[in-house]
1. Treating cross-link reach as a plain straight distance, find the aspartates and glutamates whose alpha-carbon is under 15 Å from the alpha-carbon of K197, omitting any fewer than eight places away in the same chain.
2. Taking only the alpha-carbon positions of the stretch 61-125 and ignoring solvent, what does the Debye formula give for the base-10 log of I(q)/I(0) at q = 0.12, 0.14, 0.16 Å⁻¹?
3. What is the packing order of peptides 93-104, 219-230, 4-15, taking the mean over residues of other C-beta atoms within 10 Å and listing the highest first?
4. Can you tell me, using C-alpha contacts under 8 Å and at least 6 residues apart, the relative contact order of the stretch 1-140 as a whole percent?
5. What is the mean projected area of the alpha carbon convex hull for the stretch 113-238, to one decimal in square nanometres?
6. When DSSP beta bridges are limited to those with both residues in the stretch 1-111, what percentage is antiparallel, rounded to the nearest 5?
7. Send over the Kirkwood Rh of the stretch 1-100, from the inverse of the averaged 1/r over different Cα pairs, rounded to one decimal Å.
8. Within 10 Å, count the other beta carbons around each residue, average over each peptide in 207-214, 26-33, and list them highest first.
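The values are calculated or read from the model by the stated rules, or taken from the named source; none is laboratory data. Owing to the predicted nature of the structure, the values given are computational and were not obtained by experimental measurement. Every residue, glycine among them, receives a Cβ derived from its backbone with ideal geometry; neighbour counts consider all protein chains shown. In case anyone asks, the SASA skips ligands and DNA or RNA and just uses the protein heavy atoms, side chains included. Shrake-Rupley method; radii C 1.70, N 1.55, O 1.52, S 1.80 Å.
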Amino acid sequence: MPDIRIILVRPQHPGNVGACARAMKNMGLRRLVLVAPQRFPDAEAVARAAGADDILTAAEIVDDVPAAVAECVFVVATSARDRTIPLPRQDARAAAATLCAQARSGPVGLLFGAERTGLTNEEVDYAHALVQIPVDPQFASLNLAAAVQILCYEIRCTIQAGPAPASAHKPASQDAFNRFLEHLEKTITDVGFLNEKHPRKLMRRLTRLFRRALPDDNEIQILRGLLNAVEKPYPPRR
């Protein structure tokens, strides 16, 4: 089974966490990551897991999304709504195929937001693509565990269909990519390019531009070398 991590961001109800663990185990997925859960561990989570309590016991608990995706080479975020600055959008089946293909290069993550509010724009910034489940617009509210079940089912179907083609391209880890983004923001601020009135809007567009490119470690180092050169004082012209 590829290293596909189901990441629940700020889950509010322990019963939903348990139900998600059950959905994962049904489909053979085992890596559960919880970002700042409101109540966990909790007896209700164990009860709703219905035998998948081993998934809960092994769950990794972290403080924020950057920590949850630090090792991932590719991240897909779930969202019921479009974003002002769009990401590549896929349906559940295409997203499952993409995750399985990218998992040949390293760990991948699938982000689910809190039950009431979903993912914030800042949390979606850590994703390379957006997945939307086509529900009836007259009743678009989808239970967290149901959404996890649908995506895990599509992942299992993709895996059973056969291995994804191997790729020689291995994207840089989220940790390396995020350090590049911090370097980029500092540099463009120092040179006066970043508009201080709307800093996040520009950085969000740049983030999504570079995420679409899926740079590898060597390309990240080249980009950071370029930033280092920009930061140095220009030599006098002759």
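1. Hits, sequence-local ones excluded: E185.
2. Listed by q, the Debye log ratios stand at -0.31, -0.43, -0.56.
3. Working: 93-104: 20.7, 219-230: 14.2, 4-15: 22.5.
Highest to lowest by the protection proxy: 4-15, 93-104, 219-230.
4. Numbers: 270 pairs, mean separation 43.9, N = 140.
That works out to 31 percent.
5. Working: hull surface 48.7 nm².
Result: 12.2 nm².
6. Numbers: 0 of 16 bridges.
That works out to approximately 0 percent antiparallel.
7. On the way: mean 1/r = 0.0695 Å⁻¹.
The Cα-based Kirkwood calculation yields 14.4 Å.
8. Working: 207-214: 16.0, 26-33: 19.0.
The most tightly packed comes first, giving 26-33, 207-214.
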